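Q: There's a structure below that I have some questions on.
The values are calculated or read from the model by the stated rules, or taken from the named source; none is laboratory data. In this text, all values refer to a predicted model and were calculated from it rather than measured experimentally. With ideal geometry, Cβ positions are generated from the backbone for all residues, glycine too; neighbour counts draw on all protein chains shown. Only protein heavy atoms, including side chains, enter the accessible area calculation; ligands, DNA and RNA are left aside. Shrake-Rupley method; radii C 1.70, N 1.55, O 1.52, S 1.80 Å.
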Amino acid sequence: MMADLNGLKELLKDYILVQPAEVAWNDRELFFSFFELTTTVRYDIFVDKLLKHSFLMITAAERMWSFFEIVLCTGDPFKFNSTKKKKFQSILKSESFEQYLDWDNKMGDSLRSVYEYEDEKVERRNYHGQSVKHLLELLRNAYRHPRKYMMPEFDKEVRNAYPGLLHRLHELLCRLEQEDEDEDE
């Protein structure tokens, strides 16, 4: 079955998602690198995560929803026990996510509007630019922001300021789910 997935990857790469030589299509390359997990992740887990990969999401709202879902999932004790949550947060602090530190100095005007958003009903959130966890919380809040029409701007800023972030998170969650399966066996 894994050979079928690698065959699918090659088909997509060579005939459907053909990359023009003069264009760097980073999202495409990250999507194809995701297939490397076929050697370490169980088939059903891989397929489930592949179908939810950010490269396959068509709209900005879908990609921004992913950040909301990641924060929601990692806070859910039924999906993320305390050990798994600590591991997730520890990896966010590791060099794997180092390029996303100082994120508050990289954001554009749209995300800054969420960063600085104040509402008398909601206590102002104090974000720290040296915490990827806080970046995820900001992106979750961007999805929940009252100005839903700004999703394309939010998405564009995320893709430019934090390239590959959603892919790396997706890959991390896939690996953690496989580790859970391994521990259960």
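Q: Name the residues in region 81-93 that are closer than 13 Å to LEU169 by Cβ and either among the aromatic types (Phe, Trp, Tyr) or outside any helix (DSSP H, G or I) (or both), would you? Please lay out each step first, then the result.
A: So in region 81-93, the residues closer than 13 Å to LEU169 by Cβ come out as 88-89, 91-92.
PHE88 - this is the single residue of region 81-93 that is closer than 13 Å to LEU169 by Cβ and either among the aromatic types (Phe, Trp, Tyr) or outside any helix (DSSP H, G or I) (or both).
Q: Which count do you get for residues in region 46-62 that are closer than 23 Å to LEU5 by Cβ and in contact (Cβ under 8 Å) with a residue 60 or more places away in the chain? Reasoning before the result, please.
A: Initially, region 46-62 is screened for residues closer than 23 Å to LEU5 by Cβ, giving 46-58, 62.
Subsequent filtering for residues that are in contact (Cβ under 8 Å) with a residue 60 or more places away in the chain retains 46, 49, 52-55.
Number of matching residues: 6.
Q: For the structure I just gave you, tell me whether PHE97 is among the aromatic types (Phe, Trp, Tyr) and touching a Phe, Trp or Tyr at 6+ places or on another chain (Cβ under 9 Å).
A: Details: among the aromatic types (Phe, Trp, Tyr): yes; touching a Phe, Trp or Tyr at 6+ places or on another chain (Cβ under 9 Å): no.
In short, no.
Q: So, of the residues in region 144-165 that are open to solvent by less than 20 Å² (accessible area, probe 1.4 Å) and touching a Leu at 6+ places or on another chain (Cβ under 9 Å), which turns out to be nearest to THR59 (Cα to Cα)?
A: As a first pass, look at region 144-165 and keep what is open to solvent by less than 20 Å² (accessible area, probe 1.4 Å): 145, 151, 154-155, 158, 162, 164-165.
Among the residues that remain, those that are also touching a Leu at 6+ places or on another chain (Cβ under 9 Å) are: 154, 158, 162, 164-165.
Working: PHE154: 12, VAL158: 13, TYR162: 18, GLY164: 16, LEU165: 17 Å.
Across region 144-165, the extreme among qualifying residues is PHE154.
Q: So which residues in region 79-106 are open to solvent by 80 Å² or more (accessible area, probe 1.4 Å) and among the acidic types (Asp, Glu), if there are any at all?
A: Hits for region 79-106 are GLU95, GLU98.
Q: For region 50-77, how many residues meet the condition of being among the charged types (D, E, K, R) and under 17 Å from LEU12 (Cα atoms)?
A: Matching residues across region 50-77 total 1.
Q: Filter region 128-142 down to residues that are buried (at least 20 other Cβ atoms within 10 Å of the Cβ) and hydroxyl-bearing (Ser, Thr, Tyr), then give me how many there are.
A: Number of matching residues: 0.
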